[in-house]
Amino acid sequence: MVDKDPTYSTNHLSIAEAGETQRSGYRPRHGLSIPAVTVLDEHDRVIEDDQRRLFRYLIQESKGADIIFGVGTTGEWNRIANGERQRLIWIETDEVARINRSSPQKALSVEAWVGVTSSTRLETLDNLKCALDARADAAVIAPLSIVDLSDIISFFQREVSDLFDHHGRCLPIFLYDNADIAVNPRIPHIRTRDVKLLSRLPFISGIKVSASRRVLGNYTKGVAHFKDKGEFGIYVGNAMLIFQVFDLEHGLSGRIREYWNRYLLHNELPIGVVSGPANAMPREWQRAWRACYAGDERLMSIYKTAFERFDIACRSSKGTNAPEKIIACVKHALKVDGVITSDRVANGTPALESDERREFATNYEALRKDLALITDPIWTSSI
């Protein structure tokens, strides 16, 4: 890479950095982002037909995902070969484009976001180039998961900027903050000052945060000086948190709690939620998101209870606390519903044992049946 003055990317923006993004007028998409699971065969290779069927299922004819987020943690990006990650990028962008072209509701087109993170900087950049070539709507990078990345700011200001300059155009990038996949456990979250600096780059469009409301608020405050309202999106990664963030409190003590919640978020609400369990129930999660954003307390209560049941079903097998098996449970739910034919997890991802599969399937089918009885049929996911 050509060595540049440190001020290059912030004070002397290239055509690829400034012109392309500003001309496109891109604004982060609001709504439900579903981090799609990856459908794998016995050799940890993507089963293309199943994967395409899953993408169609997640969209649910515009009543499911607003954003498909492929090759993320729920998609086991860190368990599959990089060649399969790039293949998945092409499959996702192609299938989402096909769906959007055939949809009569063009204004409600779904965005295809792709994870490009790898264990090395060079492979991450190669994946980003793949995303550009595949015409993805956005790329997602978890910088703290890149083993040889010592300077986050320089990586984006120079190396990512160089890639965009040579390619002739840029791509919106969303940061991914997740302590569970951070290389260094002593640095579980991206530093607020780093997010503040990165937000000055035109192609940095938001962040997905799997953390507390306070961390969400820190990022909101950090970017306020360098992005206009609506230019930088914050997405809740701990999906159940939306029932707290959007909860309408009552009484004096409730109003104090609500004021404190808004204070922690610096009076800015997240614009979307990223839900792994929504793979199994895309319409239900879309309805829950809309209910939370509208402050519909009755629907919020219904869906909060239902999703808590799903979470318990994923954790309660054999009476053990096993949240790491949620990916296996989500895949089995999709197989039970007939969406995919293979519920195999990648090598290294904890799998369900035979008795756990039976117990989960029983609990999951009971949940779907109960939820269907008390909600509008139009908001029940179907193939």
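A few remarks follow.
- Computed over Cα pairs, the Kirkwood radius of the range 21-115 leads via Stokes-Einstein (0.692 mPa s, 37 °C) to a diffusion coefficient of 239 µm² per second.
- Across the range 163-180, computed HN-Hα scalar couplings (Karplus, 6.51 cos²θ - 1.76 cosθ + 1.60, θ = phi - 60°) run 4, 5, 4, 6, 7, x, 7, 10, 9, x, 10, 10, 6, 10, 10, 8, 4, 5 Hz from first to last residue, x flagging Gly and Pro.
- Annotation: peptides 236-245, 108-117, ranked by per-residue average of other Cβ atoms within 10 Å with the highest first, follow the order 108-117, 236-245.
- Members of Lys304/Lys369; Lys129/Lys325; Lys208/Lys369; Lys196/Lys304; Lys129/Lys331; Lys196/Lys325 lying beyond 25 Å, as alpha-carbon distances in this model show: Lys129/Lys325; Lys208/Lys369; Lys196/Lys304; Lys129/Lys331; Lys196/Lys325
Laboratory data are not the source of any read-out in this text; all were calculated from the coordinates shown. Because the structure is a prediction, the values reported are computed rather than measured. Reconstructed Cβ throughout: ideal geometry from the backbone, glycine too, with neighbour counts over all protein chains shown.
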